[in-house]
Amino acid sequence: MGNRIHEPGEYDLEGYRVIKLPVAFEVSKRVWLKGLERVLRRLRPDLVVCHGIGNFNALRVSSWKKTMGFKLLVDDHMLMSEVNRSILGKLYYKTFNFQKVYKSADRIVGVADECVQYIVDFYRYPKSRVEMIPLGADTNLFRFEKEQAAAFRERNGIDQDAIVITYTGKHTFKKAPHYTLIALDQLRDKLGDKKIVALYVGNMEANYREELELHAAKVADRVKVIMLPAVTNKELVAIYSASDIASWPRQGSMSMIEACSCGVPIVCCDFLTERYKNNNGIAIKEDNMQDLINAYDFLINNEAERKAMGQRSRELIMNEMSWKSIAERYLE
């Protein structure tokens, strides 16, 4: 996905002090941070939040909690479809004592219903100890902006009456955003004279661009495909505002919450129940191409319902998944 953007060190970012530690080693996206104990002893934090129960640092921090006296919250974003089920993966879960994290943590959080199930099934934590606190969006930033939408379309050569299907986030073989192009190829006879744009925004895994471009070439006579690099959150507002549909055919992404906040209907996997609960999108079975085809067929050819779903997306985030509403429900 590319090199890390910042070198280790301390710096200010958007009003926050950031301390980025060097990585001693990394195994399957799990890092061992050098100097972590030293920094925690210097900061003397009241609360430590560890992302990823299976991360080396969660195990390390758990062993320091008693002597340092901080509260510990651990969260996990892992979905069942992303679990490493290889022999090495199974060995990892058996080798490390994740019960230490369970005994030390003051709160254990899954950020989606399926994340909670993953924690219960793979770490053997009692379900009564694991709570679901959803990811959220900054609803003041992520909201529909008509002028930004029109300007984005003009800059990128997108007709104002085109239907834009957007994917944002990591472009990897596991997330398979090219599924959208396969589905649209199958739908070409039902598209009539509608102008369709498939918009891809984000960094790409090594060799994935070739895969995406291969499928883009197959639909080039019917679908305009645009690929853009990763952008800032402020730039994402214009992208979502210019979108008619936002789609993540495999796995999950925080991006879908931000798209919903901008009033966009979503297509996502059915295990992400909390993200389409307001009838604000269409759920599909992961890797079920016919489900994806049917979802696009409905949304492309039913403008009124597509727009109504978008309005319900905004309502869902405002009522339940804005950072403000989440904080009001869960902070003590």
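Shape summary of the chain, radius of gyration then Dmax from alpha carbon positions: 21.2, 68 Å.
In terms of the mean number of neighbouring beta-carbon atoms within 10 Å, the peptides 174-186, 39-51 order highest first as 174-186, 39-51. Across region 234-332, Cα-Cα distances exceeding 24 Å account for 19% of all pairs. Which entries of Lys234/Lys307; Lys20/Lys170; Lys29/Lys218; Lys66/Lys170; Lys194/Lys285; Lys100/Lys324 have Cα-Cα distances beyond 30 Å here? Violating the 30 Å limit, Cα to Cα: Lys29/Lys218; Lys66/Lys170; Lys100/Lys324. Averaged over residues, the count of other Cβ atoms within 10 Å places the peptides 123-135, 107-119 in the sequence 107-119, 123-135, highest first. In a simple Cβ point-charge model (Lys, Arg +1; Asp, Glu -1; nothing else charged), region 146-323 has a dipole of about 180 debye relative to its Cα centre. Computed from point charges on the beta carbon alone (+1 for Lys and Arg, -1 for Asp and Glu), the dipole magnitude for region 9-132 about its Cα centre is near 740 Debye. Only Cα pairs under 8 Å and 6+ residues apart enter the sum, and on that basis the relative contact order of region 190-273 stands at 25 percent. Computed packing ranks the peptides 12-24, 158-170 as 158-170, 12-24, most packed first, by mean other Cβ atoms within 10 Å. About its Cα centre, the dipole of the chain is roughly 1560 debye, where the only charges are +1 on Lys and Arg Cβ and -1 on Asp and Glu Cβ.
Readers should treat all values here as calculations from the given coordinates under stated rules, not as data from a laboratory. All figures in this text were calculated on a predicted structure; none of them were measured in a lab. When we count neighbours, we look across all protein chains shown, and the Cβ atoms used for this are built from the backbone with ideal geometry, even at glycine.
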